[in-house]
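**Student:** Pasting in a structure now, in structure tokens, and then I'll have a few things to ask.
The values are calculated or read from the model by the stated rules, or taken from the named source; none is laboratory data. Keep in mind it's a predicted model, so treat the numbers as computed, not measured. Every residue, glycine as well, gets a Cβ built from its backbone with ideal geometry; the counts of neighbours run over all protein chains shown. Ligands, DNA and RNA are stripped out before the accessible areas are found, and what is left, the full protein with its side chains, is counted by its heavy atoms. Shrake-Rupley method; radii C 1.70, N 1.55, O 1.52, S 1.80 Å.
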Amino acid sequence: LAQVGSTSLRADRRPLVVRAMPQIQEALAKSRRELHEDGWTRLEGGMPEWELRRFVERLHRRYGGRIIRMLEKWRADWMKGDDEDSAPGADRPGGLVARRISKRLEGSGVFLYAAHPSQKDDAEGDECSGPRWYVTCSEAVMQRYKTRGVAPPPPVELQELLWPLAEDRRMPWLTEIGWTLVPEGSDPQIMHADICSTDAPNPRKPGKGRYHHFAWKLNPDDKCTTNVVPGGFTEGCASWDDYEKWSMVKANSVIFDSEMLHRGGQTKPGTGWTSTLTLQVCAGSAWEALQERVSASLMWYTQPLGWEEGDAVDALVGGTWRPAMVVSRNGSGFYSVTLDGNARADNLRDCELRYRQADDRHIAGCGASCFRAGELVEAAFQGAWHEAKVARVNADGTFRVVWKGDRSFTDALPAASLRPSASVSSAGAAFVGGDSSGSEACSSTTATTTSTRSRSTASSSSSAAARRACSSICDKRTAKKIKSAQLETPSALRSQLFSEGWMELRDGMPEAWNWQVFEFVESCFDRFSDLVIQELELLRDFWQPCKGSGERYGAFAGMKASERLRDLGLAVYSPGPSQQQEPPFGDTGPRWYVSVTPLAMQLFGESLPLPPDHLRELLMGHPSDGNRPLRARGLGWTLAPSGSDPQALHADIWGNGAHERTDRTRWPHILWKRNHSEMCTTEVVPGAFTQGAYQDCHFQQIRRARAPVIVVDSEALHRGAATAPATAAPASFGARPGWVSTLSLELCTASGWDAWEDYATGGTTKDPSSPLDWRMLVFGGEPGIAAVPVPDGLGLRLGAASLSPAPWASEEGKARLMTEQREWEFQA
């Protein structure tokens with residue numbers, strides 16, 4: 001529109017979108033011809049607004065400089081390949097250094113691999129002059145959108161350019177995302193194509209691209225210098241003639257066909273490292289052909305593009321685009337939506353949905369003058385104003401916001417439902433532990449978190465957007481400072497934990513919480529988690545209780561695993577089982593808690609170091625608890641098999657009688673992920689302190705956590721979330737899916753101990769006759785990570801993670817165990 005908005009067009013009284021339509025269509029047709037026939041085109045206005053673009057740019061700012069410093073550290077090894085690794089490009093120059101750096105980036109979802117190297121134009125054969133690298137963020141994106149199952153699709157204008165046919169927009173895929181890294185003074189890259197095969201069926205059809213590669217510079221003034229060979233669709237085979245045909249793109253942002261010959265351009269001495277951000281997509285019609293050209297291990301890192309529940313879209317129904325809200329997406333990629341008036345449309349395809357577009361009433365960009373993406377605001381919901389952040393400005397003048405605390409979102413809010421945040425400080429406090437990088441933090445929620453608020457706004461999504469002149473409250477840098485300051489206030493966090501029953505730390509474990517107890521649990525998990533899973537897998541035939549016994553799923557298997565793990569200081573318990581989400585709401589499978597409390601008692605006695613000051617103030621800040629001992633109810637991790645339903649809704653422990661809940665959190669529960677790029681997904685009912693009782697309404701109020709670290713009040717209703725089915729994963733170059741674990745530290749304040757000792761708790765009750773070990777450790781050492789040294793021999797004892805063969809590994813042993821299970825369960 002900026003290119004075609006001439007004086008003559010402005011003189012016309014029709015909306016600009018309508019007046020400019022012929023010019024827009026002409027420009028679109030020209031770009032399509034360039035992309036699908038020649039193999040590349042410039043994006044004259046730069047890389048369009050897209051949530052995935054913001055996400056990779058944020059990771060680039062976070063890790064780019066750090067990776068370059070590590071590369072410089074190992075400059076002497078740049079030309080060495082890596083014979084021991086199977087990662088992409090391991091045998092190329094730079095492969096050895098790439099493996100070292102990827103090792104140091106473990107847990108981030110970011111990996112480094114050696115790309116096609118640099119080569120002088122007159123070089124013979126495979127002779128190369130230097131390395132180039134690619135930083136891939138595909139696993140980070142998978143973790144980011146794990147809950148919703150799809151990554152956000154490209155904006156409408158890009159879809160029109162990439163996928164002219166409806167079949168191409170049917171279930172498209174994200175295949176790669178990251179950035180290149182090239183040392184200064186590098187020769188051009190070896191000529192290549194990203195996707196090619198000399199013997200695979202289904203070759204590229206003339207004039208129809210299917211795999212496309214975005215490349216752009218973070219600085220709007222910088223230019224991409226990629227060399228492309230127009231029409232060079234040779235399945236990656238380059239001849240000397242191709243080296244004579246290339247041209248330089250010379251643009252800030254470009255799209256080129258991944259099957260076209262291209263190479264990274266030369267870099268000048270003295271200019272420093274150069275980097276180009278990239279993103280690659282696959283048309284839905286080309287998915288099967290891609291699997292013929294790419295290894296199964298790399299295909300595992302691809303992710304579908306699509307819409308999630310609660311998204312505000314336009315839906316093509318009855319030949320007309322109509323405002324709608326996404327209700328669901330099934331496993332086959334078909335959507336259900338609600339239209340104005342609560343009408344419903346089902347079995348819609350990706351090509352029949354699009355981001356909200358402007359119409360005669362809502363001129364494109366009209367909302368931009370009111371509020372901008374990333375801005376802290378207050379938004380109206382059910383007659384009250386709530387703190388929120390603008391996640392996206394829709395073209396129809398409405399807004400997508402993410403709400404304080406529960407991180408759920410509502411789309412299609414009219415401008416009249418938003419107002420500037422009351423103050424900078426209160427706006428910053430609305431996102432304790434949140435993402436300060438802007439609207440990309442607002443992308444991912446679950447069905448339960450969007451249902452209440454998104455449905456309430458569906459009927460108002462088509463109302464005229466009121467114009468409101470206002471200025472931005474604070475930029476991202478200011479918001480980040482406010483957030484950091486808020487994290488340093490334990491009293492504010494303690495208040496949130498008490499009132500809501502949970503809190504998230506979206507930046508991970510704070511440095512102020514550096515504590516040897518966390519390190520101890522992580523060390524135990526690293527050494528024992530695989531062994532525990534192996535033991536439970538051997539007992540899979542005994543997970544289900546005997547009919548009529550009334551025993552929990554997994555109880556017998558946990559008991560038998562504990563027998564074999566006892567000498568290692570481990571015990572396995574079965575908490576609440578997984579449960580159907582539809583009537584009759586029956587139990588469907590086990591979940592376990594792996595306790596390392598016995599091992600901690602062996603190694604430390606019954607006295608652990610006190611938490612550091614910030615954490616101690618959060619946990620023990622109430623006057624009744626501050627000068628009395630803090631205890632640990634349990635140290636360990638949860639375990640849920642792949643494909644599990646959500647856990648039964650429950651509270652872990654609560655006070656009864658004279659010890660009912662009053663004005664403090666008594667049993668705080670800290671949960672965190674060992675892999676810091678993963679997210680805790682525990683589901684909580686905010687403020688539901690019901691002594692473990694629940695009603696139907698509580699299931700409508702469930703909110704899912706989305707942070708590497710969370711703290712939950714054990715008296716609040718909560719449950720473990722459903723786990724994804726196991727899928728085939730590569731043997732290396734990333735984490736393997738399947739069983740899901742969350743590390744856990746269950747605590748008991750002095751007030752909680754009073755209720756425990758008076759036998760006045762529910763959920764978990766002191767029972768001297770119970771065979772379970774309910775002893776609690778006392779935190780009595782000096783605070784800090786060095787307060788209690790790790791006992792000599794800790795590494796040896798933790799390293800003894802092997803067991804003799806299980807007696808039930810044979811069929812005969814299983815038969816004996818079946819008899820034992822029946823006797824144990826009915827006797828119990």
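**Student:** Any idea which residue in region 554-572 is surrounded by the most Cβ atoms within 10 Å (Cβ to Cβ), counting only those that are under 19 Å from GLU823 (Cα atoms) and touching a residue at least 60 places away in the same chain (Cβ under 8 Å)?
**Tutor:** Of everything passing the filter in region 554-572, PHE556 is surrounded by the most Cβ atoms within 10 Å (Cβ to Cβ).
**Student:** Looking at region 343-350, can you tell me whether even one residue there is buried (at least 16 other Cβ atoms within 10 Å of the Cβ), modelled with pLDDT under 85 and either assigned to a loop (DSSP other than H, G, I, E, B) or on the phi < 0 side of the Ramachandran plot (or both)?
**Tutor:** No; the residues of region 343-350 include none that is buried (at least 16 other Cβ atoms within 10 Å of the Cβ), modelled with pLDDT under 85 and either assigned to a loop (DSSP other than H, G, I, E, B) or on the phi < 0 side of the Ramachandran plot (or both).
**Student:** On the basis of being at pLDDT below 90, within 22 Å of SER186 (Cα to Cα) and not in a strand (DSSP E or B), does GLU288 make the cut?
**Tutor:** It is false that GLU288 is at pLDDT below 90, within 22 Å of SER186 (Cα to Cα) and not in a strand (DSSP E or B).
**Student:** When you check THR147 against the structure, is it at pLDDT below 90 and within 30 Å of TRP307 (Cβ to Cβ), yes or no?
**Tutor:** yes
**Student:** For the subset of region 41-99 comprising residues that are hydroxyl-bearing (Ser, Thr, Tyr) and not in a helix (DSSP H, G or I), which member is nearest to the chain's Cα centre (by Cα)? Write out each step before concluding.
**Tutor:** To start, the set of residues in region 41-99 that are hydroxyl-bearing (Ser, Thr, Tyr) comprises 41, 63, 86.
Next, only the ones that are not in a helix (DSSP H, G or I) stay: 41, 86.
Numbers: THR41: 32, SER86: 26 Å.
Of everything passing the filter in region 41-99, SER86 is nearest to the chain's Cα centre (by Cα).
**Student:** State all residues of region 164-181 that are assigned to a helix (DSSP H, G or I) and small (Gly, Ala, Ser); if no residue qualifies, say none.
**Tutor:** Listed by number, the list holds a single entry, ALA166.
**Student:** Further, regarding this structure: When only residues in region 592-620 that are of a type in the set (Gly, Ala, Ser) and open to solvent by 10 Å² or more (accessible area, probe 1.4 Å) count, which is nearest to ASP652 (Cα to Cα)? Talk me through it step by step, then tell me what you get.
**Tutor:** Initial filter on region 592-620 (of a type in the set (Gly, Ala, Ser)): 595, 600, 605, 607.
Keeping just the survivors that are open to solvent by 10 Å² or more (accessible area, probe 1.4 Å) gives 605, 607.
Values: GLY605: 26, SER607: 24 Å.
Top of the filtered list is SER607.
**Student:** For region 676-703, give me each residue that is in contact with a His (Cβ under 7 Å, 6 or more places away or on another chain), on the phi < 0 side of the Ramachandran plot and assigned to a loop (DSSP other than H, G, I, E, B). First the steps, then the outcome.
**Tutor:** Taking region 676-703 and keeping what is in contact with a His (Cβ under 7 Å, 6 or more places away or on another chain), we get 682-685, 688, 692.
Remaining after also requiring on the phi < 0 side of the Ramachandran plot: 682-685, 688.
Hits for region 676-703 are THR682, VAL685, ALA688.
**Student:** From the set of residues in region 359-383 that are modelled with pLDDT under 80 and hydrophobic (A, V, I, L, M, F, W, C), which is farthest from ASP168 (Cα to Cα)?
**Tutor:** CYS370
**Student:** Which one is surrounded by the fewest Cβ atoms within 10 Å (Cβ to Cβ) among residues in region 395-419 that are under 25 Å from GLU504 (Cα atoms) and of a type in the set (Gly, Ala, Ser)?
**Tutor:** Among them, the one singled out is GLY405.
**Student:** May I pose another question? Could you run through region 221-256 and say how many residues are outside any loop (DSSP other than H, G, I, E, B), farther than 13 Å from ILE190 by Cβ, touching a Leu at 6+ places or on another chain (Cβ under 7 Å) and not aliphatic (A, V, I, L, M)?
**Tutor:** Result for region 221-256: 1.
Yes/no per residue for (1) among the hydrophobic types (A, V, I, L, M, F, W, C); (2) open to solvent by 40 Å² or more (accessible area, probe 1.4 Å); (3) in contact with a helix residue (DSSP H, G or I) (Cβ under 7 Å, 6 or more places away or on another chain):
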residue: PRO629; (1), (2), (3): no, yes, yes
residue: PRO641; (1), (2), (3): no, no, no
residue: ASN656; (1), (2), (3): no, yes, no
residue: THR665; (1), (2), (3): no, no, yes
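**Student:** Run THR226 past the list (1) open to solvent by 50 Å² or more (accessible area, probe 1.4 Å); (2) in contact with a strand residue (DSSP E or B) (Cβ under 7 Å, 6 or more places away or on another chain) and report the number of the one that doesn't hold.
**Tutor:** (1) is the only condition that THR226 fails.
**Student:** Which one is nearest to the chain's Cα centre (by Cα) among residues in region 282-329 that are open to solvent by 20 Å² or more (accessible area, probe 1.4 Å) and among the charged types (D, E, K, R)?
**Tutor:** Among those that are open to solvent by 20 Å² or more (accessible area, probe 1.4 Å) and among the charged types (D, E, K, R), it is GLU309.
Residue by residue, here is whether (1) open to solvent by 40 Å² or more (accessible area, probe 1.4 Å); (2) touching a Phe, Trp or Tyr at 6+ places or on another chain (Cβ under 8 Å); (3) of a type in the set (A, V, I, L, M); (4) part of a loop (DSSP other than H, G, I, E, B) holds:
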| position | (1), (2), (3), (4) |
| --- | --- |
| ASP526 | yes, no, no, no |
| ASP530 | yes, no, no, no |
| GLN534 | yes, no, no, no |
| GLU537 | yes, no, no, no |
| SER549 | no, yes, no, yes |
| ARG552 | yes, no, no, yes |
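**Student:** Select from region 234-253 the residues that are open to solvent by less than 60 Å² (accessible area, probe 1.4 Å) and either of a type in the set (A, V, I, L, M, F, W, C) or under 12 Å from ARG263 (Cα atoms) (or both) and list them in ascending order.
**Tutor:** GLY236, ALA238, ASP242, TYR243, SER247, VAL249, ALA251, listed by residue number.
**Student:** Now a separate question. Does at least one position in region 678-690 carry a residue that is of a type in the set (A, V, I, L, M), within 29 Å of SER108 (Cα to Cα) and open to solvent by less than 10 Å² (accessible area, probe 1.4 Å)?
**Tutor:** Yes.
**Student:** Could you grab the pairs with beta carbons closer than 7 Å, sequence gap of 6+ or different chains, first residue in region 506-527 and over 25 Å from MET601 (Cα atoms) and touching a residue at least 24 places away in the same chain (Cβ under 8 Å), second one open to solvent by less than 60 Å² (accessible area, probe 1.4 Å) and among the hydrophobic types (A, V, I, L, M, F, W, C)?
**Tutor:** These pairs meet every condition: ARG506/ALA707; GLY508/VAL709; PRO510/LEU487.
**Student:** Let me ask something else. Of the conditions (1) crowded, with 23+ Cβ neighbours inside 10 Å; (2) under 17 Å from HIS718 (Cβ atoms); (3) of a type outside the set (Ser, Thr, Tyr), GLN581 fails just one. Which one is it?
**Tutor:** Evaluating GLN581 over (1) crowded, with 23+ Cβ neighbours inside 10 Å; (2) under 17 Å from HIS718 (Cβ atoms); (3) of a type outside the set (Ser, Thr, Tyr) leaves (1) as the failure.
**Student:** Ok, one more. Considering region 806-822 alone, what residues qualify as being of a type in the set (D, E, K, R) and surrounded by fewer than 11 Cβ atoms within 10 Å (Cβ to Cβ)?
**Tutor:** Our first condition is that a residue be of a type in the set (D, E, K, R); within region 806-822, this holds for 811-812, 814, 816, 820, 822.
Listed by number, the residues that qualify are GLU811, GLU812.
**Student:** Please state which of the following conditions ARG170 fails to meet, knowing it meets all the rest: (1) in contact with a Cys (Cβ under 8 Å, 6 or more places away or on another chain); (2) more than 30 Å from GLY331 (Cα to Cα).
**Tutor:** Failing condition for ARG170: (2).
**Student:** Only one of GLU49, GLU26 is acidic (Asp, Glu), at pLDDT 75 or above, open to solvent by 70 Å² or more (accessible area, probe 1.4 Å) and closer than 30 Å to GLU139 by Cβ. Can you tell me which?
**Tutor:** GLU49
**Student:** Take LEU497 and tell me if it is under 30 Å from GLY589 (Cα atoms) and either acidic (Asp, Glu) or modelled with pLDDT of 90 or more (or both).
**Tutor:** no
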